[in-house]
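Worksheet: one structure, shown below.
The values are calculated or read from the model by the stated rules, or taken from the named source; none is laboratory data. Owing to the predicted nature of the structure, the values given are computational and were not obtained by experimental measurement. Counting neighbours? That spans all protein chains shown, and the Cβs are built from the backbone with ideal geometry, glycine included.
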Amino acid sequence: MKKIMLTMSILIMILLSACCNDKKPPHRAIYSKTSGYEMQYHIILYEPFSDGGGHSIKCGSWHYIPTHIYTDKLGSLNGTEIIWKNLDGDDFPFATGGQNSSDIHVVIQNNTIKVQGFSYKSGNDTMNGTYKIETTSPDSWGVPIVKGHPLPSQ
């Protein structure tokens, strides 16, 4: 009986790990052809977000959550030099996450954007990381883009 239970437990663990072993997609970004808020540059950051998994048996799937940033400068920037907009087009809710935009440091280069000091969390992910500047359409990346508010109240 113990051998059967052990075998069943091992099989369940193998099945769960195979199901939930989807690789997290990379952070990505694009330069938008439109500007806004009287700023010269409009960049869209795509943060990977998993909608499930974690402590449940259900395996999640990955989506990208877009964050729009507007700036007049490239290079090394303080978060206060950027206008941050969430995917609904609203100001990014820094206050609800206990974040202060002056703590954020962003480096915008030709091929990458690096975000540091961004402590606001969306689920189990954070905006910190290196975003590769893409020249292809987000529709071709094979990961759905979230439209509208993606997260349940936390």
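Results for (1) at pLDDT 95 or above; (2) charged (D, E, K, R), shown as yes or no for each residue.
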{"residue": "P48", "(1), (2)": "no, no"}
{"residue": "I57", "(1), (2)": "no, no"}
{"residue": "I65", "(1), (2)": "no, no"}
{"residue": "W84", "(1), (2)": "no, no"}
{"residue": "D91", "(1), (2)": "no, yes"}
{"residue": "G98", "(1), (2)": "no, no"}
{"residue": "S101", "(1), (2)": "no, no"}
{"residue": "V106", "(1), (2)": "yes, no"}
{"residue": "I113", "(1), (2)": "yes, no"}
Take the residues in the range 66-106 that are among the small types (G, A, S) and in contact with a Gly (Cβ under 7 Å, 6 or more places away or on another chain), then tell me which one is nearest to P138 (Cα to Cα).
S101
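Yes/no per residue for (1) at pLDDT below 70; (2) part of a loop (DSSP other than H, G, I, E, B):
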{"site": "K23", "(1), (2)": "no, yes"}
{"site": "P26", "(1), (2)": "no, yes"}
{"site": "I43", "(1), (2)": "no, no"}
{"site": "G52", "(1), (2)": "yes, yes"}
Within the range 135-148, how many residues turn out to be within 15 Å of T67 (Cα to Cα) and either at pLDDT 85 or above or surrounded by 13 or more Cβ atoms within 10 Å (Cβ to Cβ) (or both)?
4
Report, ordered by the first and then the second residue, all pairs with beta carbons closer than 6 Å, sequence separation of six or more or different chains, a first member in the range 101-117 that is closer than 14 Å to Y31 by Cα, and a second member that is surrounded by 17 or more Cβ atoms within 10 Å (Cβ to Cβ) and small (G, A, S).
I113/A29
Name the residues in the range 28-41 that are in a loop (DSSP other than H, G, I, E, B) and small (G, A, S), would you?
S32, S35
Selection count, the range 122-134, where residues are at pLDDT below 85 and either exposed (fewer than 13 other Cβ atoms within 10 Å of the Cβ) or not in a loop (DSSP other than H, G, I, E, B) (or both):
4
Only one of L151, L74 is modelled with pLDDT of 85 or more, among the aliphatic types (A, V, I, L, M) and in contact with a strand residue (DSSP E or B) (Cβ under 7 Å, 6 or more places away or on another chain); which?
L74
